[in-house]
1. What does the buried accessible surface come to for A and B, summed over both chains, with the probe at 1.4 Å? Round to 100 Å².
2. Return the FRET efficiency for the residue pair residue A:153, residue B:32: r is the Cβ-Cβ distance, R0 is 25 Å, and the value is rounded to the nearest 0.05.
3. Once label points are set 7 Å from the Cα along Cα→Cβ at both residue A:491 and residue A:380, what is their separation, rounded to one decimal in nm?
4. Would you calculate, for chain A, the mean residue ellipticity at 222 nm contributed by helices, counting each DSSP H stretch of 4 or more residues as -39,500 (n - 2.57) and dividing by all residues, to the nearest 500?
5. Do any residues of region A:350-385 show a loss of at least 50 square angstrom of accessible area between the isolated chain and the full protein assembly, using a 1.4 Å probe, and if so which?
6. Taking the Cα centre of region A:95-186 as the origin and placing charges on Cβ (Lys, Arg +1; Asp, Glu -1), which of A:141, A:175, A:96 is farthest toward the positive end of the dipole?
7. How do the peptides A:154-161, A:105-112 rank, highest first, by the average count of neighbouring beta carbon atoms within 10 Å per residue?
8. Report the charge-dipole magnitude of chain A in Debye, nearest 20, computed about the Cα centre from +1 at each Lys and Arg Cβ and -1 at each Asp and Glu Cβ.
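The values are calculated or read from the model by the stated rules, or taken from the named source; none is laboratory data. Computed from a prediction, not measured in an experiment: that's the story for all the values here. All Cβ positions, glycine included, derive from the backbone under ideal geometry; neighbour counts span all protein chains shown. Ligands, DNA and RNA are excluded from the accessible area calculation, which covers all protein heavy atoms including side chains. Shrake-Rupley method; radii C 1.70, N 1.55, O 1.52, S 1.80 Å.
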Amino acid sequence: MSDLNALTLAGARDKLVAKEITSVELTEACLAAIEGSDSLNAFVHKTPEIALDQARAADQRLAKGSQQDPAPALCGLPLGIKDLFCTKGVPSQAASAILKGFKPEYESTVSQNLLDAGAVMLGKLNMDEFAMGSSNETSVYGDTVNPWKVDDRRLTPGGSSGGSAGAVAADLCLAATGTDTGGSIRQPAAFTGTVGIKPTYGRCSRWGIVAFASSLDQAGPITKSVRDAAIMLEAMCGHDPKDSTSSELPVPNFEALLTGDIRGQKIGIPKEYRMDGMPDEIEALWRDGAAKLADAGAEMVDISLPHTKYALPAYYVIAPAEASSNLARYDGVRYGHRATLDAGDGITEMYEKTRAEGFGAEVQRRVMVGTYVLSAGFYDAYYNRARKVRALIKQDFDTVFAAGVDAILAPTTPSAAFGLGEMQNADPLQMYLNDVFTVTVNLAGLPGVSVPAGLDAQGLPLGLQLIGRPWEEGDLLNCALALERAVGFSQKPNKWW
Amino acid sequence: MAIDTETAARVAKLARIKVEDSDLPALAGEFNAILGFIEQLNEVDVSGIEPMTSVTPMRLKRRVDAVTDGDQQDKIRANAPDFREGFFAVPKVVE
């Protein structure tokens, strides 16, 4: 059978349960696709032996499955795992030189949850170093290339989960894990025509995921459909005693909540997201999406989130501050890279040389900005002020939801995918603007999902973002399903790699 | 406030990242661009607002004060750059 790797999670699951295909066949199809994809540079550590062992075990489990004793939700389904997740015995480097050769002795809770649900791990996926970036250009493994291509330029798949989004769009795996601190699931999903959801802060355990900014980081899936996002998110979520911020709320059966019926739902259009200089195409995409949700029976309402403009500057205080603290652990003592020292070098030189060699330019920049905003004399002026503004940003959302709004519709990104290297000489702030529509959601801890909504004039995918109430991922995904159905986006990149 | 090369050098030192003197002016320039962007936060009236400490209103959970794991020296040393006689080895700290 051909093209098994192009299946969705739901499609493959149904064929596995019906015994039309085996997990080994499915896994071999993905491994063959991965073998032929080196020019995309999405899979950076391939684990075919592990994958085939897991696939064989899944086939045995599926053979025993019955209605009384069904196989677990992801049994036999091959996934890619972002390099930020610690995977036992498999290199986990957060795409950084400072973790070169690091093989964890433990498995992250989220990847363990996926394995417990029967998933097959194909390997580790490229990303921006320590998840800091929006173009996958800060990786020690080199750039990931977007499978979408419209001219001779190589395009970015977005970041930081660029390898995850690219691999899913190119059918190298059925779905992949991502993480989202300021938009790192949703922006790459939008750039690659895939679905990506960041759940409510606390839904997924952060244990075993290399930390960037602990109050903002959340894991989530990147998938080929909204249904797949529901299936995979449910398997990833759940309380974990090893993460004190992980929620004890029960995880609903998200797939069972997918009806596509959004009649009577109130969907907000935030006026502050209509930014100066927004391209007409993005504006039109947004308008069309709103019209389609209205056709599906939703009530569209104009809303205001007055502090939106201050989300990015607040983020670029809080995230680097937390990063400078989290990344203090990379000191060349207990794991990872240690610089070769000159005669007479002491421990301070060891730290300084190790971190200068091990961290890339963007990571160094953010660690130092974070150090500065936390330093004596500036803590109140920068860090505390940013946290107060963050409280106001959250309040904006609380007010809108208290007024009865069920979800908020906005563009995911201010543009389609851009060329790799095009931003090389721009100042770092230009790159940060990629997150302008996504970062508010992290600051407020809310769930947000990007759904592919159309192609721009060049033929590149664009996404629309739906933002939901805290802990209401089920309703949010249902709304996303209605949007997905109404838009009917089915384009795939033409294989050139 | 503008960051000069001296401040940039001090921040690099605090962050324990070696930056060559020749790279300090460019670094100071980048800091200034980023901090200039952050300055916008001064436009916001934050009087009476408490700094946000947790995205969800929750009290951090406490666990039982009991040993839950241990006795795994081999796992802990497995990734160490220099491990000798039961210790992580580093350059001499005290003369």
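1. 5100 Å²
2. Taking R0 as 25 Å, the efficiency between residue A:153 and residue B:32 is 0.20.
3. 5.4 nm
4. The helix-only estimate for chain A comes to -11000 deg cm²/dmol at 222 nm.
5. Those are A:352, A:365, A:368, A:369, A:371, A:372, A:382, A:385, which lose 50 Å² or more relative to the chain on its own.
6. Value computed over the given set: A:141.
7. A:154-161, A:105-112
8. 480 debye
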